[in-house]
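All remarks here apply to the structure that follows.
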Amino acid sequence: MSAPALRGTAGYGRVLAVPEFRAVFAAHVLSMLGVIVSEIALSVLVYDLTGSPLLSALTFALGFLPYLVGGTLLAPVADRFPARRVLVVCDLVCAGCVVVMAVPGTGIGVLLGLRCALAVVSPVFAGTRMATLSDILGGDLFVLGRSLLRIVAQSALLVGYGLGGLLLAVLTPRHALLITVGTFLASAALLRLGTRRRPARARARERGGTRQLLADRRIRLLLLLFWVPAMFAVVPEALAAPYADALGSGSPGLGVLMCALPVGTVAGELYAGARLGPAARERIALPLVCLTLLPYLGYALHPSLALSLLLLLAAGAGSAYTLGLDQWFVRAVPEELRGRAMTVLSAGLMTLQGVGMTLAGLAAEAVGVRAAVAGAGVVGMVCCCGLAAAARRSPARPAGGDRAGGDRKPRQG
């Protein structure tokens, strides 16, 4: 195989060979596990204090809703200040919020308010980190690095909820929250000591960056291609408890149903990242966008638990389209707005997933769980196919090429 062909092959080992990325990766693992443990501990704590299932569930919901506020109002922070400073300050703010949560006597209103504060900070942290990855890695390595972080996030869901349950078997919820404080502080230390300082991307007084992003048709389409499939994809997870009850599979069935989609997602991303090169990932992106929700139509056939798991695994594997979208997105966004763009992307993704869960519940009340999932598959596929057709008419800009109108600097590195 020629040297150019070797450079075009994929492989996560090349990403992990970059020291700065290893620091970001380790910090991500710690912060993800900490967030999941804190969600479980806080939910249990609120239920212990109030005896209210509604308030306990609201604790989880508050992890989604404020993302829109943080992503809208605080998005400019990601570009107006040095990235390392933003990341470390976000970790410290989160650690401070959790410390107050863990103090005995903290009231319900304060606990829920601090939960909102964590969710407001999260999109800024996520957007800044992703923009920093484009500096640390660049090109195809950025796509693989972002894929690894998504894989960690999905794996953390599988490990973190089990770990949280074990911790709460031996610790009180407030003591479990103190573990989360430690993970945030360790993440801050890794980012401060393991990454180098880079100047702010944009001038402090620059205005209108978010409007500039959304005024670009190509960027709007790419954002929707990230958001819309995810909004429909969460429907089976949102309805897993009533669906497991309908199947008569009980808690074990609920557990495997909740795991199936993340396992499929990890498998799909690992295959696309390790076995496919950049050109192949771009070629399959739009077809996968159109097909990823197709397995949900199988719910209309009243599948057994085993077949339901296969459907969810297949749908999760289809999410490998995100690697191709990542390549297009980082190419389309001007460098000085990259942190802001990643923050908006993260905020919209979480917000629309929350909307999707809410609509799933309303649909299931009206037509039943199986019909709601199958309906999400049909409506989602129609929306995704429309977006894919629009994206095909708006071709990807070549790497290193200028944007129409000359408002993009040539790519470097």
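The values are calculated or read from the model by the stated rules, or taken from the named source; none is laboratory data. On a predicted model such as this, the values are computed, not experimentally measured, just so you know. For neighbour counting, all protein chains shown are included, and Cβ atoms are generated from backbone atoms with ideal geometry for every residue, glycine included. Surface areas here come from the heavy atoms of the whole protein model, side chains and all, with no ligands, DNA or RNA. Shrake-Rupley method; radii C 1.70, N 1.55, O 1.52, S 1.80 Å.
For beta carbons closer than 6 Å, sequence separation of 6+ or different chains, a first residue in region 125-136 that is within 14 Å of Arg198 (Cα to Cα) and part of a helix (DSSP H, G or I) and a second that is open to solvent by less than 10 Å² (accessible area, probe 1.4 Å) and among the small types (Gly, Ala, Ser), the qualifying pairs are Thr128/Ala78; Thr128/Gly339; Ala131/Gly339; Leu133/Gly145.
For Leu178, the conditions (1) touching a residue at least 60 places away in the same chain (Cβ under 8 Å); (2) of a type outside the set (Val, Ile, Thr); (3) within 30 Å of Leu337 (Cβ to Cβ) all hold with the exception of (3).
The set of residues in region 137-164 that are of a type in the set (Gly, Ala, Ser) and not in a helix (DSSP H, G or I) contains only Gly138. Taking the stated definitions as given, is Ala188 open to solvent by less than 20 Å² (accessible area, probe 1.4 Å), in a helix (DSSP H, G or I), under 30 Å from Val37 (Cβ atoms) and touching a residue at least 60 places away in the same chain (Cβ under 8 Å)? Against the criterion (open to solvent by less than 20 Å² (accessible area, probe 1.4 Å), in a helix (DSSP H, G or I), under 30 Å from Val37 (Cβ atoms) and touching a residue at least 60 places away in the same chain (Cβ under 8 Å)), Ala188 qualifies. Of the residues making up region 221-260, just one is surrounded by 19 or more Cβ atoms within 10 Å (Cβ to Cβ), outside any helix (DSSP H, G or I) and not β-branched (Val, Ile, Thr), namely Leu239. Considering each residue of region 236-251 in turn, at least one proves to be within 27 Å of Leu144 (Cβ to Cβ), in contact (Cβ under 8 Å) with a residue 12 or more places away in the chain and under 21 Å from the mean Cα position of the chain (by Cα).
I'm checking my understanding of the structure. Among residues of region 376-413 that are of a type outside the set (A, V, I, L, M), open to solvent by less than 30 Å² (accessible area, probe 1.4 Å) and out of contact with any Phe, Trp or Tyr (no Cβ under 7 Å at 6 or more places or on another chain), which one is modelled with the highest pLDDT? If we take residues in region 376-413 being of a type outside the set (A, V, I, L, M), open to solvent by less than 30 Å² (accessible area, probe 1.4 Å) and out of contact with any Phe, Trp or Tyr (no Cβ under 7 Å at 6 or more places or on another chain), then Cys384 is modelled with the highest pLDDT. Scanning for something at pLDDT below 90 and either polar (S, T, N, Q) or at positive phi (or both), does region 300-307 turn up at least one residue? There is no residue in region 300-307 that is at pLDDT below 90 and either polar (S, T, N, Q) or at positive phi (or both). Within region 103-126, if we keep just the residues that are of a type in the set (A, V, I, L, M) and within 14 Å of Asp48 (Cβ to Cβ), the residue that is most open to solvent (accessible area, probe 1.4 Å) turns out to be Ile108. Checking Arg207, Arg201, Arg211 one by one, the residue that is in a loop (DSSP other than H, G, I, E, B) and either modelled with pLDDT of 90 or more or out of contact with any helix residue (DSSP H, G or I) (no Cβ under 9 Å at 6 or more places or on another chain) (or both) is Arg207 and no other.
For region 323-353, residues that are out of contact with any helix residue (DSSP H, G or I) (no Cβ under 7 Å at 6 or more places or on another chain) and either hydroxyl-bearing (Ser, Thr, Tyr) or in a helix (DSSP H, G or I) (or both) total 2.
For every residue, the table says whether it meets (1) open to solvent by 10 Å² or more (accessible area, probe 1.4 Å); (2) touching a Gly at 6+ places or on another chain (Cβ under 6 Å).
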position: Pro262; (1), (2): no, no
position: Gly273; (1), (2): no, no
position: Pro278; (1), (2): yes, no
position: Leu294; (1), (2): yes, no
position: Leu301; (1), (2): yes, no
position: Leu309; (1), (2): yes, no
position: Gly316; (1), (2): no, yes
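So, Arg218, is that one open to solvent by less than 60 Å² (accessible area, probe 1.4 Å) and touching a residue at least 60 places away in the same chain (Cβ under 8 Å) or not? When the stated conditions are applied, Arg218 passes them. Cβ separations smaller than 9 Å between residues 6+ apart or across chains give the following pairs from region 70-91 residues that are modelled with pLDDT of 90 or more to residues that are among the aromatic types (Phe, Trp, Tyr) and not in a helix (DSSP H, G or I): Val89/Phe81.
Entry remark, region 70-90: residues being closer than 12 Å to Arg129 by Cα and either assigned to a loop (DSSP other than H, G, I, E, B) or aromatic (Phe, Trp, Tyr) (or both) number 1 in total. Residues in region 4-48 that are open to solvent by 60 Å² or more (accessible area, probe 1.4 Å) and modelled with pLDDT under 85: Pro4, Leu6, Arg7, Tyr47, Asp48.
Residues are listed down the side, and each one gets a yes or a no for (1) at pLDDT below 85; (2) under 24 Å from Arg85 (Cβ atoms); (3) under 12 Å from the mean Cα position of the chain (by Cα):
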{"site": "Thr128", "(1), (2), (3)": "no, yes, no"}
{"site": "Thr132", "(1), (2), (3)": "no, yes, no"}
{"site": "Asp140", "(1), (2), (3)": "yes, no, no"}
{"site": "Leu144", "(1), (2), (3)": "no, no, no"}
{"site": "Ile151", "(1), (2), (3)": "no, no, yes"}
{"site": "Gln154", "(1), (2), (3)": "yes, no, yes"}
{"site": "Leu157", "(1), (2), (3)": "yes, no, yes"}
{"site": "Gly160", "(1), (2), (3)": "yes, no, no"}
{"site": "Gly164", "(1), (2), (3)": "yes, no, no"}
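Under 11 Å from Val228 (Cα atoms), within 21 Å of the chain's Cα centre (by Cα) and part of a helix (DSSP H, G or I), is that true of Leu359? Judged against the criteria, Leu359 is not a match. Inspect region 347-358 for any residue being in contact with a Cys (Cβ under 9 Å, 6 or more places away or on another chain) and either open to solvent by 60 Å² or more (accessible area, probe 1.4 Å) or more than 30 Å from Gly70 (Cα to Cα) (or both) and give the result as yes or no. There is no residue in region 347-358 that is in contact with a Cys (Cβ under 9 Å, 6 or more places away or on another chain) and either open to solvent by 60 Å² or more (accessible area, probe 1.4 Å) or more than 30 Å from Gly70 (Cα to Cα) (or both).
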